[in-house]
Amino acid sequence: MKTLVTLMILAAGALAAAPVKIVLPPETAKLVESPLPGYALAQAMCLTCHSAEYLLYQPPTSPRTYWQATLTKMQKTFGAPLPDEMVPPILEYLVKTYGAERDGAKAAAPAVTGATGTADPAGKKAP
Ligand code: HEC
């Protein structure tokens with residue numbers, strides 16, 4: 001009986017710890033979903049060198065010109081293999097998802113927040 005109780009406590013501990021370990025990494029690695037064509041392009045082009053957190057941590061008021069400059073910097077300074085024709089759609093996605101033109105942010109935010117439940121001690125973000 002004592003062994004069984006011990007096992008149950010151990011199992012409960014393992015279960016409690018698991019979600020935190022598993023949920024957090026994908027959360028930082030994913031871009032915010034969008035129906036815009038730039039979403040898929042950004043997924044393909046923007047996560048090879050760094051995580052999606054780099055986008056999340058930009059000021060939400062960042063205007064189009066800021067994102068344009070960022071994309072140019074990724075191309076010219078950091079050598080991102082980003083074809084020029086992909087810049088306009090990605091720019092559109094970035095400014096409307098992470099920047100000043102994010103009216104769609106209202107729709108995206110609740111889905112993102114609601115999915116997390118209780119597992120994320122940091123609170124707001126989704127897996
Ligand atoms: C060839 C590698 C590479 C690719 C591909 C790349 N980046 Fe970057 N990115 C960097 C480096 C290097 C930094 C600076 C890292 C640091 O300061 O620690 C950076 C930083 C950033 C930042 C932080 C702000 C800043 O200006 O430093 C943003 C935002 C960003 N990248 C967006 C993007 C987007 C959007 C794409 C896709 C179009 C992209 N990156 C693709 C290398 C890359």
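Which residue out of 87, 95 is surrounded by 11 or more Cβ atoms within 10 Å (Cβ to Cβ), near the ligand (Cβ under 9 Å from one of its atoms), within 21 Å of residue 35 (Cα to Cα) and at pLDDT 95 or above?
Details: 95 fails: near the ligand (Cβ under 9 Å from one of its atoms).
Criteria check complete, one pass: 87.
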Exercise for the section: With the condition kept exactly as written, say whether any residue in the range 26-45 is at pLDDT below 95, surrounded by 12 or more Cβ atoms within 10 Å (Cβ to Cβ), among the basic types (Lys, Arg) and more than 12 Å from the ligand (Cβ to nearest atom). Expected result: yes
With the first residue restricted to the range 59-77 and required to be farther than 12 Å from residue 88 by Cα, and the second required to be assigned to a loop (DSSP other than H, G, I, E, B) and within 8 Å of the ligand (Cβ to nearest atom), Cβ contacts under 6 Å at 6 or more apart or on different chains are 74/80; 75/82
Residues of the range 56-83 being within 10 Å of the ligand (Cβ to nearest atom), within 19 Å of the chain's Cα centre (by Cα) and β-branched (Val, Ile, Thr), in sequence order, are 70
Say whether the condition of being surrounded by 12 or more Cβ atoms within 10 Å (Cβ to Cβ) and in contact (Cβ under 8 Å) with a residue 40 or more places away in the chain is met by at least one residue in the range 46-53.
-> yes
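The values are calculated or read from the model by the stated rules, or taken from the named source; none is laboratory data. Here the structure is a predicted model, which means the values were calculated and not measured. Ideal geometry is used to build each Cβ from the backbone, glycine not excepted, and the neighbour counts take in all protein chains shown.
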